[in-house]
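Working notes, structure below.
The values are calculated or read from the model by the stated rules, or taken from the named source; none is laboratory data. This structure is a prediction, so every number in the text was calculated from the model and none was measured. Positions of Cβ are backbone-derived with ideal geometry, glycine not excepted, and every protein chain shown enters the neighbour counts.
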Amino acid sequence: MSTNVNLLGKGLKYLAILIFLFIASPITLTMGFKALNKFENTDNAYISYVLISVAVCLIIFTIYFAFKTFKILLAALFDNSSTK
């Protein structure tokens, strides 16, 4: 039961990306709702709807990417060669 170092490196890179996504996705959602509040009665309201839809897609991708990252990290730590 040894650690797969190559797979662990890949998992740590994914973990760094995941931390960025954990920060970026809620900030994008907040920006979208604040833009919706600001552009309430103007023609630029479509900007806020675009931001909100991008943020929702980003949050869904973040959840998927989190499961994928932790699966890779567990496979690296417990030397499970099934996820390469």
Among what's in the range 33-84 and is without any contact (Cβ under 8 Å) to a residue 60 or more places away in the chain and basic (Lys, Arg), pick the residue that is farthest from Ile23 (Cα to Cα). Lys38
Residues of the range 13-25 satisfying the condition of being in contact (Cβ under 8 Å) with a residue 12 or more places away in the chain and either not in a helix (DSSP H, G or I) or not small (Gly, Ala, Ser) (or both): Tyr14, Leu15, Ile17, Leu18, Leu21, Phe22
Considering each residue of the range 2-24, count those that are among the polar types (S, T, N, Q) and modelled with pLDDT of 95 or more, and give that number. 0
Within the range 1-29, considering residues that are among the polar types (S, T, N, Q) and surrounded by 13 or more Cβ atoms within 10 Å (Cβ to Cβ), the one nearest to Phe65 (Cα to Cα): Ser25
Tell me, which residue of the range 55-77 that is farther than 21 Å from Gly9 by Cβ and in contact with a Leu (Cβ under 9 Å, 6 or more places away or on another chain) is surrounded by the most Cβ atoms within 10 Å (Cβ to Cβ)? Ala55
Looking at the range 36-46, can you tell me whether even one residue there is under 30 Å from Lys71 (Cβ atoms) and surrounded by 14 or more Cβ atoms within 10 Å (Cβ to Cβ)? no
